[in-house]
Amino acid sequence: MRFQHGVFDLILCERSLHLFPYPDAEIAAKLASDLAPDGIAAISIPASCACTFIRIKLIRALRRLRSPFLDNLIVHVMRLLRPQLDLATLRDRLPYLYALPRRIDSSEFRATLSMAGLEVRQTFRVFGCGLSAAPHSLMILAKLV
């Protein structure tokens, strides 16, 4: 979050904003300061739904049980589910399986965006509920004028 030169007409943040280790207010302020007055930000974060909450509970359990054996077992299962991906790619993705979201699409997060001067213009549900990913909300943001 150290970029400090100018503003952008378009900011895209897909499936990563929920992992940034900063307070929501700091992220919202950064988005607002980096977005041009007529710009658009498109961000995706986990949707607030039963699938997301079940997935969070599962991640917490997996984190407690994490071991080299479990990691290898998970990679093996992932290889069966995604045969098109090579072993190195699957191992590279493994840490994200254990990553807890720091934020989800909630009224609190939307209020924080609003306090930073951002308006949610549209929301779309993207990515289905599954073993490898939770449903996400794709939020289209604009600066309040």
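Here, each number is a calculation from the coordinates, and none is a lab measurement. Worth saying up front: this structure is predicted, and the values here are computed from it rather than measured. Virtual Cβ from ideal backbone geometry, glycine too; neighbours counted across all protein chains shown.
For the chain, the convex hull drawn through the C-alpha positions has a volume of 129 cubic angstrom per residue. For the chain, the longest principal axis of the Cα atoms and the long axis of helix 50-65 meet at an angle of about 50 degrees. Between the amide H of Ile11 and those of Ile40, Ala41, Ala42, distances stay under 5 Å, these residues lying 5 or more places away or on another chain, with hydrogens modeled in the peptide plane. With θ taken as phi - 60° and the Karplus curve 6.51 cos²θ - 1.76 cosθ + 1.60 applied, the whole-hertz 3J(HN,Hα) list for region 30-37 is 5, 4, 5, 6, 8, 8, 4, x Hz, x standing for glycine and proline. Can you list the residues of region 36-66 with backbone N under 11 Å from a point 7 Å past the Cα of His76, pointing along Cα to Cβ? Taking a point 7 Å out along Cα→Cβ of His76, no residue of region 36-66 has its backbone N under 11 Å.
Helix 87-97 and the longest principal axis of the Cα set of the chain meet at an angle near 60°. Counting only alpha carbon atoms, the long axis of helix 68-81 and the longest principal axis of the chain meet at about 80°. Assuming charge only on the beta carbon of Lys and Arg (+1) and of Asp and Glu (-1), the dipole of the chain about its Cα centre is about 700 debye to the nearest 20. For Val75, what charge total do you get from the other residues with a beta carbon under 10 Å from its beta carbon, if Lys and Arg give +1 and Asp and Glu give -1? In short, +2.
Taken along the Cα-to-beta-carbon direction at a fixed 7 Å, the label points for Tyr96 and Leu62 span 1.2 nm. Overall, region 84-145 carries a charge dipole of about 100 debye about its Cα centre when +1 sits on the Cβ of Lys and Arg and -1 on the Cβ of Asp and Glu, all other atoms neutral.
Listed as lacking a disulfide-compatible partner in the chain: Cys13, Cys49, by the criterion of no other cysteine Cβ under 4.7 Å. Taking the Cα centre of region 12-143 as the origin and placing charges on Cβ (Lys, Arg +1; Asp, Glu -1), which of Leu80, Leu141, Leu17 is farthest toward the positive end of the dipole? Toward the positive end, the furthest listed residue is Leu80.
3J(HN,Hα) along region 12-28, derived from phi through the Karplus expression 6.51 cos²θ - 1.76 cosθ + 1.60 where θ = phi - 60°, amounts to 10, 9, 9, 6, 9, 4, 6, 9, 4, x, 10, x, 3, 4, 5, 5, 4 Hz, with x in place of Gly and Pro.
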